[in-house]
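Below is one structure, written out as structure tokens; comments come after it.
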Amino acid sequence: MSNEHTVKSYEEELRYLIDSVIKMGSLTESQLVDSMDAVIKVDKDSIDKIIKSDDEINKFRSKIDTQIMTLLVKRAPMAIDLRETISSLKISQDLERIGDLSKSNAKKVKPLPLDLPEELLGNLKRLGDLVIKQLNDVLDSYVNKNYDKAKEVWEKDEQVDDLTYIAMESVIDFLSKDKKNLDFSTHLIFATKNLERAGDHITNIAESICFLIKGEYLKGSRPKGKVIQQ
Amino acid sequence: MNEIKIKSKNLNVYYGEKQALFDVNLDLNEKEVTALIGPSGCGKSTFIRCINRMNDVIDICKVSGNIEIDGVEINDKNLDVVSLRERVGMVFQKPNPFPKSIYDNISYGPKIHGKGETKSELDEIVENSLKKAALWEEVKDRLDEPGTGLSGGQQQRLCIARAISVNPEVILMDEPCSALDPIATAKIEELIDELKKTYTIVIVTHSMAQAVRVSQKTGFFHLGKLIEVGKTEKIFKNPDNKMTQDYITGRFG
């Protein structure tokens, strides 16, 4: 934002809202990192902590909703302030959904055996690392109001699709070798799919940031990678 | 987009030595509402007063440049100002009914413009004007009571009825709701929405929300210059000019 508002408290309320979104984003990122770590290390002890952190994220979402409603009623924001307010609403919704997906992945650790093959986890880890980087980059573009970086994240979701495909293929391969792998393989397939969906929410956030900065939505459809048939 | 009804070209206005408008080029579309916004003293009222040559009554006021209505220059010295003001009605900030009955407030204009020669013709004009101004149902049983006895919102609608009684083409509104409560304001805004089907409306307002609600086009003035004009939605969501953004978001100064 350029000049400050004539009404200082309005300025503070907007800054407070943006700060809340940044904090919620940082919490969501930590939760995603923890849940990925739990899956890859099959660390059953950390499940409860991750589930609990989702409550914190949900609390942020409610807090941001309240802040937005107050801003709309009190200030009737216009132009950049209106876009800032609406984007905060949309970004917080996407962050909350990413939190839900991380929680869901943490829950999937419980039935997993401790001796999962290396290559199976390797592909999943590559996907998880990319999704974490995407989230980190998109939050960075929000903090710095960097249009190009947000657009880059949006375009890079193609790679998330591709790695999802590879990770899915390796789980299906593993499953086809021995039907007794069915139970935990299903969990791994869902975990992979959850990461792909988290990637989609990250692209939504990137779109919101582009709209916030330029006042118009990204044109055209984003590049899509290989997708496993649903 | 509708056709252009009013076109100002390089319009300059001076009050003595002080220049109030600088090269204003602004097109106003027919049967649309155009809102003019900007800080006090920015020239928005001066601009609308040029459209019906109200500035003529100020001795020190000098106007240069052009204003055309339907392609006809209105600053022409030979133009009949009375007939111009019949075509371009005006509603002011403070409701200003004549100290006469509700009926006479409406019938006065048509009478002096030679419209409605018989009592029944005048009755019809009064009824239609009050109906168009959404006031008929509230006053039909007391048309002989003084207009000044109505509430503020009703008085403003009476003034709108008075303006439309001579069947104008353009209605200029200079902060028509600034003296009204929210309900009366809502009624006037609803009325503006209805009136735009028939008339070209220009409204000066200090309420950003009102500009968004009632207008299709918005012009932002600052220090006598038209800074930005465009579709209302664009101006309030994503203006091109930084000054416009600073003004509408309350960062001005």
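The values are calculated or read from the model by the stated rules, or taken from the named source; none is laboratory data. The structure displayed is predicted, hence computed values, not measured ones. Quick reminder, even Gly has a Cβ in these numbers, built from the backbone with ideal geometry, and neighbours come from all protein chains shown.
Among the numbered criteria (1) modelled with pLDDT under 95; (2) touching a Gly at 6+ places or on another chain (Cβ under 6 Å), which single criterion is violated by B:Leu158?
The single condition B:Leu158 does not satisfy is (1).
Take the residues in the range A:198-216 that are charged (D, E, K, R) and more than 14 Å from chain B (Cβ to nearest Cβ); name whichever of them is farthest from the chain's Cα centre (by Cα). Reasoning before the result, please.
First, the residues of the range A:198-216 that are charged (D, E, K, R): A:200, A:207, A:214, A:216.
From what's left, more than 14 Å from chain B (Cβ to nearest Cβ): A:200, A:207.
Working: A:Asp200: 8, A:Glu207: 13 Å.
The selected residue is A:Glu207.
A:Thr85: within 14 Å of chain B (Cβ to nearest Cβ), among the polar types (S, T, N, Q), touching a Leu at 6+ places or on another chain (Cβ under 8 Å) and closer than 25 Å to A:Cys210 by Cβ, yes or no?
On the way: within 14 Å of chain B (Cβ to nearest Cβ): yes; among the polar types (S, T, N, Q): yes; touching a Leu at 6+ places or on another chain (Cβ under 8 Å): yes; closer than 25 Å to A:Cys210 by Cβ: yes.
Yes.
Please count how many residues of the range B:82-110 are of a type outside the set (Val, Ile, Thr) and not in a helix (DSSP H, G or I). Step through it out loud before you land on a result.
Keep residues of the range B:82-110 that are of a type outside the set (Val, Ile, Thr), which gives B:83-87, B:89-90, B:92-101, B:103-105, B:107-110.
Next, from what is left, pick out any that are not in a helix (DSSP H, G or I): B:89-90, B:92-101.
Count: 12.
Every residue in the range B:222-237 that is within 7 Å of chain A (Cβ to nearest Cβ) and touching a residue at least 24 places away in the same chain (Cβ under 8 Å), please. Let's see the steps before the verdict.
Initially, the range B:222-237 is screened for residues within 7 Å of chain A (Cβ to nearest Cβ), giving B:236-237.
Matches in the range B:222-237: B:Phe236 only.
Which one of the conditions (1) within 10 Å of chain A (Cβ to nearest Cβ); (2) over 23 Å from A:Glu13 (Cβ atoms); (3) of a type outside the set (Gly, Ala, Ser); (4) not in a helix (DSSP H, G or I) does B:Phe252 fail to meet, given that it meets all the rest?
Evaluating B:Phe252 over (1) within 10 Å of chain A (Cβ to nearest Cβ); (2) over 23 Å from A:Glu13 (Cβ atoms); (3) of a type outside the set (Gly, Ala, Ser); (4) not in a helix (DSSP H, G or I) leaves (2) as the failure.
Find all pairs meeting these conditions: Cβ atoms under 8 angstrom apart; at least six residues apart or on different chains; first residue within the range A:212-223 and small (Gly, Ala, Ser); second residue part of a loop (DSSP other than H, G, I, E, B).
Close Cβ pairs (under 8 Å, with a partner that is part of a loop (DSSP other than H, G, I, E, B)) amount to A:Gly215/B:Asn238.
Within the range B:111-134, track down each residue that is among the hydroxyl-bearing types (Ser, Thr, Tyr) and assigned to a loop (DSSP other than H, G, I, E, B).
As a first pass, look at the range B:111-134 and keep what is among the hydroxyl-bearing types (Ser, Thr, Tyr): B:118, B:120, B:129.
If the condition is that a residue be among the hydroxyl-bearing types (Ser, Thr, Tyr) and assigned to a loop (DSSP other than H, G, I, E, B), then B:Thr118 is the only one that fits.
So A:Pro113 fits all but one of (1) under 30 Å from A:Glu169 (Cα atoms); (2) part of a helix (DSSP H, G or I); what number is the exception?
Single failed check for A:Pro113: (2).
Can you tell me which residues in the range A:176-199 are over 14 Å from A:Ser102 (Cβ atoms), assigned to a helix (DSSP H, G or I) and of a type outside the set (S, T, N, Q)? Break it down stepwise before answering.
Of the range A:176-199, the ones over 14 Å from A:Ser102 (Cβ atoms) are A:176-189.
The next check asks that each one be assigned to a helix (DSSP H, G or I); those that pass are A:176-177, A:179-189.
Scanning the range A:176-199 gives A:Lys177, A:Lys179, A:Lys180, A:Leu182, A:Asp183, A:Phe184, A:His187, A:Leu188, A:Ile189.
Go through B:Asp174, B:Asp246, B:Asp240 for me and flag whichever is among the acidic types (Asp, Glu), surrounded by 17 or more Cβ atoms within 10 Å (Cβ to Cβ), out of contact with any Pro (no Cβ under 7 Å at 6 or more places or on another chain) and within 14 Å of chain A (Cβ to nearest Cβ).
Working: B:Asp174 fails: within 14 Å of chain A (Cβ to nearest Cβ); B:Asp240 fails: surrounded by 17 or more Cβ atoms within 10 Å (Cβ to Cβ).
Result of the check over B:Asp174, B:Asp246, B:Asp240: B:Asp246.
Can you give me the number of residues within the range A:112-131 that are closer than 27 Å to A:Ile213 by Cα and surrounded by fewer than 20 Cβ atoms within 10 Å (Cβ to Cβ)?
Going through the range A:112-131, the residues closer than 27 Å to A:Ile213 by Cα turn out to be A:130-131.
Within this subset, residues satisfying the condition of being surrounded by fewer than 20 Cβ atoms within 10 Å (Cβ to Cβ) are A:130.
Summing the residues that are closer than 27 Å to A:Ile213 by Cα and surrounded by fewer than 20 Cβ atoms within 10 Å (Cβ to Cβ) in the range A:112-131 gives 1.
Identify, by number, the condition in (1) out of contact with any Gly (no Cβ under 8 Å at 6 or more places or on another chain); (2) farther than 19 Å from B:Glu190 by Cβ; (3) surrounded by 14 or more Cβ atoms within 10 Å (Cβ to Cβ); (4) not hydroxyl-bearing (Ser, Thr, Tyr) that B:Asn128 doesn't meet.
With respect to (1) out of contact with any Gly (no Cβ under 8 Å at 6 or more places or on another chain); (2) farther than 19 Å from B:Glu190 by Cβ; (3) surrounded by 14 or more Cβ atoms within 10 Å (Cβ to Cβ); (4) not hydroxyl-bearing (Ser, Thr, Tyr), B:Asn128 is out only on (2).
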